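Just so you know, all these numbers are worked out from the coordinates, no wet-lab data involved. Here the structure is a predicted model, which is why all the values come from computation and not from measurement. Cβ placement follows ideal geometry from the backbone for every residue including glycine, while neighbour counts extend to all protein chains displayed.
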Amino acid sequence: MPGALVVENISKRFATSAGALAALEGVSLAVPQGRFVSIIGPSGCGKSTLFGVVGGLVPDYEGRVLIDGAPVHGTHDDIGMVFQEESTFPWLTVLENIMFPLDARGMARNECRERAERLVHLVGLDGFGNSYPAELSGGMRQRTAIARTLAAEPKILLMDEPFAALDEQTRLLLGDKLLQIWRELAQTTLLITHSITEAVQLSDEVVVMTYRPGRIKRVIPIDLPRPRSSEIVESAAFGRLVGTIWHDLREEALRGLAQTEPQGVSH
Amino acid sequence: MATTLTNFNRAPLHWFAPVTRVRALTLLAAALVWEGVARSGWLYEGVVPPLTAVARAFVVLLVTGDTYHHLAVTAWEVAAGFGIGLVAGIAFGILMGARPFFGRAMAPYVDGLATAPKIIFLPIVMLLFGVGITSKIALGALSAFFPVTLNTAAGMHGISPVLIRVGRSFRLSRAQMVRMIYLPALRGSIIVSMRLGLGVAIIGVLLAEIKLADRGLGFLAIDHYNQFRIPDMYALLLFIFILAIGANVLIGRLSPRR
Ligand SMILES: Nc1ncnc2c1ncn2[C@@H]1O[C@H](COP(=O)(O)OP(=O)(O)OP(=O)(O)O)[C@@H](O)[C@H]1O
Ligand SMILES: [Mg+2]
């Protein structure tokens, strides 16, 4: 299953009330087929913007997005997106949420249902298929959103801080779940996160971004053995990698803080 | 929202519950005052006829086939007008919400016309559609259109933008966007729209009938008035009142929750 993602020299400016804002500047990165890459950067550095550009939801950017070497424009069947915000449809049950993209493609009802039931199991929501999102915890809702995206069987999975709203323990355990799914489906995965432990726990490579305008600061390979489980956080190698990333990230986070703080105080 | 009131009304009450008793007493008191005024001779006797006369007229009204003929005409006008106004209002409201530029361009007109009494359109509607049923339907539709549009457009603003992005990322067509995201997300707004829309559609149709018609309950009411059949007129108003409550209860059954 191909699904190599290349991002080439992406720049994106927003017109804001305070003038043009450079959100991304010359961002290039490659996620080889079947690899798991994480992007980490301070809040407001343009991670979601990059996610939107790659997923085809953000227009008017410079640079190119390529899937298997072919440039793509706009949304694409090979790309599945999991959003940062709460995104399950509250009027649908877990099962119906997961069936949503299949329904949209006109897949036969029982085939739809079968695939959705497999995904309910895959994300560990057995027994909750007929629950509504409001009856679930935040983590369960996010797993529903992930299963819904997986249902469309994208070759490339983009996730924008899917576990940002969750506590650290839940996040580590959902990380295990995610790795298990990734092993099973072998999707090319680009995960955006602001958690260093999450990035190291899951990835083959961690890309550190600079604060505005968002550029690539450094790419750090994560050479920890696979398969991994969340117990890896205890290892010394894990700690060293977290330290390395924090060293780079700290500078950017401080820059971000310095730029936003005066405004924050003034109003 | 108004759910507290609705729940309150819907709560199962025994006939002897305090609220029920107060409600019954209020009705009884009103009836007594009415009857007192009717018998006192303070007012010209025809204006406030004795309740017995109204009751008798009500029974006659219920057993007269003609009543149902007029009712059928009005019901058809209301249903058609409401239906047209509802569908057009939902479509226009969705358009206003989905295309913010268009929404901003239209907002002053929709807001302005929404507050204007729709009866001012009656002459135009009569010119366009004549004095028959069609002009009543048109006025009903016009009345329902504005509150439905306003409510739908407001509901569109309430839809979380990420849900739209989910739809786009799954590459939904425009029609799928409407069917699979906008309409279900607007469920609550649409039910509120239906209540408001039905109410004003009934008003619009009855007003048009009262002004100029040869059929329908509104026509019948003004005909009773013109012929000075005052008890019959009150009986008919009671009849219309009960029907309107019934229609509202039916729509209230559609729960806006979830
Ligand atoms: N539609 C937009 N219009 C104007 N400015 C925008 C828009 N979207 C994002 N921005 C700006 O671009 C910058 C990057 O935003 P983005 O959402 O990509 O950050 P992020 O890295 O995802 O942050 P977070 O970690 O908080 O989610 C921010 O300064 C933001 O204010
Ligand atoms: Mg973001």
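For A:Gly3, nonlocal amide neighbours, meaning residues 5 or more places apart or on other chains whose placed amide H falls under 5 Å from its own, are A:Asp68. Between B:Asp214 and B:Gln227, the simple spin-label model (points 7 angstrom out along Cα→Cβ) gives 1.6 nm.
Computed from phi, the 3J(HN,Hα) profile of the stretch A:247-257 under the Karplus parametrisation 6.51, -1.76, 1.60 (θ = phi - 60°) reads 4, 6, 6, 4, 3, 5, 4, 5, 4, x, 5 Hz, with x in place of Gly and Pro.
Against the longest alpha carbon principal axis of chain B, how many degrees, from 0 to 90 and to the nearest 10, is the axis of helix B:65-98 turned? Orientation of helix B:65-98: about 20 degrees from the principal axis.
Simple spin-label estimate for A:Glu86 and A:Ala186 gives 3.8 nm between the two label positions (7 Å along the Cα-to-Cβ direction from each Cα).
When each of the peptides B:217-229, B:80-92 is scored by how many other beta carbons lie within 10 Å of its residues on average, the order from highest to lowest is B:80-92, B:217-229. Among the residues of A:75-83, the average count of other protein chain beta-carbon atoms within 10 Å of the residue beta-carbon is 3. For the pair B:Val87 and A:Leu173, label points projected 7 Å from Cα toward Cβ lie 5.2 nm apart.
When the protein assembly as shown is described by a simple charge dipole with +1 on each Lys and Arg Cβ and -1 on each Asp and Glu Cβ, the residue from B:Trp34, B:Leu196, A:Ser17 located farthest towards its positive end is B:Trp34.
Computed from phi, the 3J(HN,Hα) profile of the stretch B:32-37 under the Karplus parametrisation 6.51, -1.76, 1.60 (θ = phi - 60°) reads 5, 4, 3, 4, x, 4 Hz, with x in place of Gly and Pro. Its Cα gyration tensor gives the stretch B:10-107 an equivalent ellipsoid. The semi-axes, each the square root of 5 times an eigenvalue, are 44, 23, 17 Å from largest down. Each residue of the stretch A:211-221 is assigned a 3J(HN,Hα), and the resulting list reads 6, 2, x, x, 10, 7, 8, 7, 10, 10, x Hz, derived from the Karplus form 6.51 cos²θ - 1.76 cosθ + 1.60 (θ = phi - 60°), x at Gly and Pro. Roughly how tilted is helix B:217-226, in degrees to the nearest 10 and between 0 and 90, from the longest Cα axis of chain B? Around 30 degrees separate the two axes. Extension gain for B:Asn248 to B:Leu128 (0.36 nm times residue separation, less C-alpha to C-alpha distance): 40.1 nm. Counting only residues at least eight positions apart within a chain, or on another chain, the lysines with an alpha carbon under 26 Å from that of A:Lys217 are A:Lys12, A:Lys47. Helix A:94-104 and the longest principal axis of the C-alpha atoms of chain A enclose an angle of approximately 90°.
Peptide B:164-177 has a mean shielding of 6, counted as Cβ atoms of other protein chains within 10 Å of each residue's Cβ. R0 = 45 Å: FRET efficiency of A:Leu254 with A:Asn110, Cβ-based, nearest 0.05? With a Förster radius of 45 Å, E is 0.20.
About its Cα centre, the dipole of chain A is roughly 320 debye, where the only charges are +1 on Lys and Arg Cβ and -1 on Asp and Glu Cβ. Take the alpha carbon gyration tensor of the stretch B:49-252, find the square roots of its eigenvalues, order them as a ≥ b ≥ c, and report rounded if a/c is under 1.5; if not, report prolate when a/b exceeds b/c, else oblate. In terms of gyration-tensor shape, prolate.
Can you tell me the length gained on complete extension of the stretch B:Ala30 to B:Leu113, counting 0.36 nm per residue apart and subtracting the Cα distance? Let's see the in-between values first.
On the way: separation 83, 0.36 × 83 = 29.88 nm, distance 3.73 nm.
Computed gain between B:Ala30 and B:Leu113 is 26.1 nm.
Here the stretch B:100-143 and the stretch B:212-247 have alpha carbon centers that stand 25 Å from each other. Under 5 Å from the amide H of A:Arg218 lie the amide H atoms of A:Val208, each residue being 5 or more positions distant or on a separate chain, with H modelled from the backbone and absent for Pro and chain starts. Counting only other chain Cβ atoms within 10 Å of each residue's Cβ, the peptide A:101-114 averages 2.
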